[in-house]
Amino acid sequence: MNEVSASEYSAETSREEAKASASPKAGAKERNGGIDALRAAVTLLVVFHHTAITYGAAGAWYYKEILPSRSLSSLLLTLFAAANQAWFMGLFFLLAGYYTPPALNRHGTAGFVRERLIRLGIPLVFYFLILHPLTVALALTARELSFVRVFAWLWSNGKFDPGPLWFAEALLIFTAVWLGWRGIRKPEKTAKLAFPSDRVLLAAALVTGAVAFLLRLVWPVGVNVAFLQLGYFASYIVLFAAGCAAADQKWLEQIPEDLKRRWVRIAWLAFPVLPIVAVLARAAPWLHGPPEGGFNLQALVYAFWEPFVAWGFILGLLTFFQRRFAQLRGIWPTLARRAFLIYIIHPPVVVGVALVWRDVAAPALVKFLVTGSLACALCYVIAGVSLRIPAVARIV
């Protein structure tokens, strides 16, 4: 057997993965480089998001080395996580909706359902049964508990959870509802429509904020129903539906520059409102109340803050990435191909990297940057190795 240099192997691997990402299975006929690059970049942001919670940001996560506090690093990481939460999962739902009608047209109803169950259902079950208990058991080794015993206890007591694959669960539900709606309302070919106006976007933001506020009266942020945080679902539903509506018109690929500029400006003007209200709440009794939900001003501000930040960030990033990445080159085709698998496997990797140097004294922000960077690199490598397995490549 001839020896192959590391550089030759790496180049060959990259070429094969680039071909795979451009294959009909990946929907290349319906995709563009900028959107795939954005999806890949935001996947890495998800890794850093969960790393932030590890080192002091507010939120739920498997392993917290530093608990949230009023320290500067904790406040900065919490703001980072809150800003991400306002838009990044919404962006994933928008893109999922955008590629749903073309996928149905390409596969037909039976083929589309089968493809969704394979691509979303199998990873969901795998995470639920394997990666979740593995990650919990790994995290609890920090408390000197046996990995094997914890893993076995979780299995014997049925303690399972989809973790970040709640996204796949939600997408399966959204897709089923969309198929049902499409079956009732037979789609008709419509004339080319202009991109939604400022008034439409404003109305969508106001409705989304109002519904989020009402949902959080019953299900505050942090409360799960069937593993789903329904308090966030107002924007997820709106953005998934918007993606489906945008598909035939290809709106995401023709965002008006002046409209984008206005909404980016709105997002940056809205962005400091939430931290300002949080600071004022410490001194103003009339602002007291949990922002996660309830009949109080902080919760109201938070609910409306999210869509106004999200619309601008999403429109701005879609425009920027499509201009910057008309065609994917270098590492980007490979990263785009590996993105979904990175999303699936990142929890045990983030926890593992953090545990390796938990006894090393370092500032929280330094640990956040180092752990997040190493976790991204390891996920990238592990995903690449995993995709060499034909069964894995067929699924993701």
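Observations, loosely collected:
- Mean Kyte hydropathy of 0.5 or more with a Cα span along the axis of at least 18 Å, helices from DSSP in the chain: 33-54, 72-98, 166-184, 198-218, 233-249, 297-324, 332-356, 364-386
- Cα-based shape type of the range 322-396, given that a ≥ b ≥ c are square roots of the gyration tensor eigenvalues and the cut on a/c is 1.5: oblate
- Two-site FRET efficiency, S156 against V385, from Cβ-Cβ distance with R₀ of 41 Å, rounded to 0.05: 0.85
- Accessible carbon and sulfur surface of the range 171-261 relative to its total accessible area, %, 1.4 Å: 68 percent
- Kirkwood hydrodynamic radius over Cα pairs of the range 165-238, then Stokes diffusion coefficient at 20 °C and 1.002 mPa s, in µm²/s: 148 µm²/s
- Where labels lie 7 Å past Cα in the beta-carbon direction, separation of L297 and R143 in nm: 4.0 nm
- Each helix, a run of at least 4 DSSP H residues, gives -39500 (n - 2.57); summed and divided by the residues of the chain, these come to -22500 deg cm²/dmol at 222 nm.
- The alpha carbons of the chain occupy a box of 74, 62, 41 Å along the principal axes, longest dimension given first.
- Qualifying chymotrypsin sites (Phe, Trp or Tyr not before Pro) in the range 186-248, where qualification requires a DSSP coil assignment and no more than 11 other C-beta atoms within 10 Å, are lacking entirely.
- Cα shape, the range 248-345, gyration tensor, a/c 1.5 rule: prolate
- In this simple spin-label approximation, I130 and F80 carry label points 7 Å from Cα along the Cα→Cβ vector, and these lie 3.1 nm apart.
- Mean shadow area of the range 336-380 over all directions, Cα convex hull, nm²: 3.1 nm²
- Relative contact order %, the range 186-279, counting alpha carbon pairs below 8 Å whose residues are six or more apart: 26 percent
- Once the Kirkwood radius over Cα pairs is known for the range 214-257, the Stokes-Einstein relation at 10 °C and 1.306 mPa s delivers a diffusion coefficient of 130 µm²/s.
- For the pair R323 and R262, a Förster radius of 22 Å applied to the C-beta separation gives a FRET efficiency near 0.80, rounded to the nearest 0.05.
The values are calculated or read from the model by the stated rules, or taken from the named source; none is laboratory data. Please read all numbers here as calculations on a predicted model, not as lab measurements. Cβ: placed from backbone, ideal geometry, glycine included. Neighbour counts: every protein chain shown. Surface areas here come from the heavy atoms of the whole protein model, side chains and all, with no ligands, DNA or RNA. Shrake-Rupley method; radii C 1.70, N 1.55, O 1.52, S 1.80 Å.
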